[in-house]
Amino acid sequence: MPQPFPSEFADLLTPKGRRILEGKDRDVRGVLLDPARPFVSLQGVLDAGKATRCRDALDTAMRDTLVLMEDPIPEDSILGMVENYEERLPKTVRVRTALMENRRSRSWRAAEAVGLTAMMRSDTYAAFAAVVSGRALSRPWGIQVLCYSPGDYSGPHNDHHPEEPEARDGYVDMHISLTLPGVDHQYLVYAQDGHFSEMTRVSTVGGITVYRLPFWHYTTPLLARRGKEADARRWVLLGTFLDAAPGARASKVIQPAGAGTPAGGASVGSGAGAGRG
Ligand SMILES: [Fe+2]
């Protein structure tokens, strides 16, 4: 069976996507170096036909291999309160995930079979994250697959990892959304100037969102079209990239294309995004 995912991420790109990858799009290159801009949403970057074929192959191969990841609202979060207005909410989430770390897992084998693992491990996949973030990134990087079904969401959280020296000063996530036609909508809400005031639709086919974490955000519950609940899923291909360590060997570093010339800074989509969900 031919693998729907190409072995190089670059082979999924439109001409616009290739310009970005090559560092030639001055509006996108290094856009996340601006601290006021922790998130960017890019459309028209993946070829729509290829993205649709990849989505369908992924859904067929992996939908029965997923594991539920669930952190509900704590049971005592209301009746355990002793002071008015002192409510506290830790990160809540419900989503299914493919376990990609274990090579013997069903998810890993399914991802291999459709060519997904090779694509997410390809140099051009990381190079795209590097050019948008404007940073030299570390090799290897983390990969994960998430799947949102009706009612799945992630509550407010910021993805800060202060206990991890390599991540505590920030890191980069890149999400590719592959949404089935049964989905009506799902949004990412994010903080701007201290309020959850911004929102962008993430229920796209082939939309790419790139994040400089941490920042506050949440993902709204996925809503299905009426009668389409059984086929309403949004797949997220998620790459997590640490900054390259100073003085790291060249073989361990993904350099952003076009570095060395001043980055432009006009507008590209906008927004902030959900790290793991
Ligand atoms: Fe997140």
Quiz item: Among the residues of region 3-16, is any touching a strand residue (DSSP E or B) at 6+ places or on another chain (Cβ under 6 Å) and not hydrophobic (A, V, I, L, M, F, W, C)?
Solution: no
Quiz item: With (1) farther than 24 Å from Arg96 by Cβ; (2) touching a Ser or Thr at 6+ places or on another chain (Cβ under 8 Å) as the list, and Ile143 as the residue in question, which single condition is left unmet?
Solution: (1)
Practice problem: Could you list all residues from region 31-54 that are closer than 20 Å to Thr200 by Cβ and buried (at least 20 other Cβ atoms within 10 Å of the Cβ)? | Solution: Val31, Leu32, Pro38, Phe39, Val40, Ser41, Leu42, Val45, Leu46, Ala51
Exercise. Please tell me if Ser197 is hydroxyl-bearing (Ser, Thr, Tyr), without any contact (Cβ under 8 Å) to a residue 12 or more places away in the chain and part of a strand (DSSP E or B).
Key: yes
Quiz prompt | Where a residue in region 60-84 is among the small types (Gly, Ala, Ser) and its partner, wherever it lies, is assigned to a loop (DSSP other than H, G, I, E, B), with Cβ under 6 Å and at least six apart | solution = Ala61/Val114
Quiz prompt | Residue selected from region 210-241 under the condition part of a loop (DSSP other than H, G, I, E, B) and in contact with a Leu (Cβ under 7 Å, 6 or more places away or on another chain), by the criterion farthest from the ligand (Cβ to nearest atom) | solution = Ala232
Quiz item: For region 118-127, does any single residue satisfy the condition of being part of a loop (DSSP other than H, G, I, E, B) and either modelled with pLDDT of 95 or more or more than 30 Å from Glu22 (Cβ to Cβ) (or both)?
Solution: yes
Quiz item: Does region 185-208 include one or more residues that are closer than 14 Å to Ala130 by Cα and either surrounded by fewer than 23 Cβ atoms within 10 Å (Cβ to Cβ) or within 14 Å of the ligand (Cβ to nearest atom) (or both)?
Solution: no
Quiz item: Within region 145-167, which residues are surrounded by fewer than 19 Cβ atoms within 10 Å (Cβ to Cβ), within 14 Å of the ligand (Cβ to nearest atom), within 27 Å of Ser107 (Cα to Cα) and in contact (Cβ under 8 Å) with a residue 60 or more places away in the chain?
Solution: Tyr153, Gly155, Ala167
Quiz item: Does region 44-81 hold any residues that are part of a loop (DSSP other than H, G, I, E, B), over 15 Å from Thr97 (Cα atoms) and out of contact with any Ser or Thr (no Cβ under 7 Å at 6 or more places or on another chain), and which are they?
Solution: Pro74, Ile78, Leu79, Gly80, Met81
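The values are calculated or read from the model by the stated rules, or taken from the named source; none is laboratory data. It should be emphasised that the depicted structure is a prediction, and the values quoted were computed from it without experimental measurement. Cβ atoms come from the backbone with ideal geometry, glycine included; neighbour counts cover every protein chain shown.
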